Amino acid sequence: MNTILITFVCLLVLKLVTGIILDFMNMRHARAKSAEVPDAFKDFIDLPTYQKSIDYTVAKTRFGILSELYDSVILAIVLLAGALPWLYSWLSGVIGYGVWGQACVLFLIGMILGLPGLPFDWWSTFRLEERFGFNKSTLKLWIVDKVKGFILGFIIGLPLLALLIFLVEAAGSVWWVWGFSVFFIFQLVMVVAYPMFIMPLFNKLEPMEAGTLKDRLFALAERTGFKAQTILVIDGSKRSGHSNAFFSGFGRFRRIVLYDTLIEQMDEEELEAVLAHEIGHYKLGHIPKMIAMSGVSTLGMFALLGWLANGTWLAQAFHFSDADSVHIVPVLLLFLLLSGLLTFWLSPLMSRLSRKHEYEADAFARDAMGGAAPLSRALRKLHKENLSNLTPHPIYSSFYYSHPTLLEREASMNQ
């Protein structure tokens with residue numbers, strides 16, 4: 001086994017072991033507090049619901065460990081047993097080595113590699129989520145979603161991949177600069193296009209109906225300097241009992257979307273506080289900051305990809321033939337499959353930045369609402385209704401959580 005393959009195995013095992021250790025730490029920490037509701041939560045959650053949230057955390061974690069083990073085995077088989085070079089060579093022989101042919105090969109291999117994960121996706125939806133009362137989807141809807149996703153991926157992804165492969169051939173050694181430019185522009189377009197054109201293919205989004213709630217939310221937008229054309233309600237209950245709210249787009253294309261489940265669960269003041277939090281993300285410039293961060297990371301990835309593509313050593317290390325290793329697609333495939341082994345270790349940094357933004361948006365909402373109580377009540381309902389883990393292990397939450405814990409958010413707002 002060559003040095004590169006040994007490095008791959010070491011990184012794969014290190015990531016897997018680290019993730020499992022964190023998972024077990026988090027499960028043990030949750031179970032240790034399951035006998036009674038902690039004092040900080042007794043005024044909004046009863047013991048059966050609290051213990052159900054711990055059961056949900058444990059069940060999700062166990063499922064996640066099994067899924068991660070399964071994915072790691074599949075990845076090892078694909079890369080160590082020569083399955084990827086064989087599949088690439090066979091498909092390229094059938095479809096061709098031209099720009100569009102190689103784009104099709106890359107797309108089809110990505111689709112094929114995603115097939116082993118479908119049983120786990122099905123089990124998560126129709127067994128795990130069903131067990132805890134969250135699943136509202138049907139098998140027909142689940143299949144239709146997969147088919148729609150494939151068709152959209154083909155329509156959008158294939159031309160993008162073809163353009164990237166063309167740039168490799170046409171732009172010489174600086175192709176990665178042009179490739180980054182194309183993909184970054186595509187990201188910006190999707191920020192606007194996704195909620196406007198793609199999301200409606202899966203969910204119904206409608207303007208909020210006239211009434212006191214709408215008047216109250218638009219009054220909030222007016223006094224906080226957020227000129228909103230509409231507030232949309234998404235039929236999240238079509239698939240899940242989980243509730244949420246999110247902000248998308250920028251400029252005159254910005255949209256605030258509330259789940260119908262969220263509206264059912266909260267009173268008007270609490271919904272106003274949730275909207276104030278989302279407005280805070282906009283007013284504090286979190287969206288452009290995250291886009292800029294994404295741009296920097298994407299540029300770094302394309303620079304690395306450009307360096308890797310200069311030679312054939314990476315592809316040949318993973319058993320690609322001399323003839324196939326001169327093409328860009330094997331390097332792209334290997335980069336996509338291997339990058340997670342490195343980006344995993346960046347999770348704490350990205351989570352920390354995201355938590356910082358959440359603290360700032362919470363403070364904005366507190367000031368806009370004249371106090372922390374409305375948002376605090378809303379957050380407590382969100383945690384209760386979603387069976388969120390109220391007592392995660394500190395190391396686990398600092399590694400994975402994009403949002404601070406409930407206690408952390410309440411303590412920050414009350415400072």
Theoretical gain in end-to-end length, residue 71 to residue 174 [0.36 nm per residue, Cα-Cα removed]: 33.7 nm
Computed magnitude of the charge dipole of region 255-362 (debye, nearest 20; Cβ of K, R +1, Cβ of D, E -1): 840
Computed helical MRE - 222 nm, the chain, DSSP H runs ≥ 4 contributing -39500 (n - 2.57), nearest 500: -21500 deg cm²/dmol
D_trans [Stokes-Einstein, Kirkwood Rh over alpha-carbon pairs] for region 1-156, 4 °C, 1.567 mPa s, µm² s⁻¹: 67
Alpha-carbon spread of region 141-183, three principal axes, descending order, Å: 45, 14, 9
Linear extension gain, residue 244 paired with residue 187, 0.36 nm per residue minus alpha-carbon span: 18.2 nm
Length released on extending from residue 367 to residue 130, taking residue separation times 0.36 nm less the Cα-Cα span: 81.4 nm
Average projection area in nm² (convex hull over Cα atoms of the chain, one quarter of hull surface): 21.1
Charge-dipole axis of region 7-48 as Lys and Arg at +1 and Asp and Glu at -1 on Cβ define it, positive-most pick from 26, 8, 37: 8
Kirkwood hydrodynamic radius over Cα pairs of region 179-282, then Stokes diffusion coefficient at 10 °C and 1.306 mPa s, in µm²/s: 109
Computed log₁₀ I(q)/I(0) - Debye formula, equal Cα scatterers, no solvent, region 64-131, q 0.15, 0.16, 0.25 Å⁻¹: -0.61, -0.66, -1.04
Spin-label model distance (nm) - residue 46 vs residue 353, 7 Å beyond Cα toward Cβ: 4.4
Overall dimensions of region 338-409 as given by Cα atoms, namely Rg and Dmax in Å: 14.2, 49
Taking all pairs of distinct alpha-carbon atoms in region 233-370, Kirkwood radius in angstrom: 18.5
Mean Kyte hydropathy of 0.0 or more with a Cα span along the axis of at least 27 Å, helices from DSSP in the chain: 3-31, 47-80, 286-308
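Values quoted throughout were computed directly from the atomic coordinates according to the rules given, and no laboratory measurement underlies them. All values reported here derive from a predicted model rather than from experimental measurement. Positions of Cβ are generated from backbone atoms using ideal geometry, with glycine treated the same way; all protein chains shown enter the neighbour counts.
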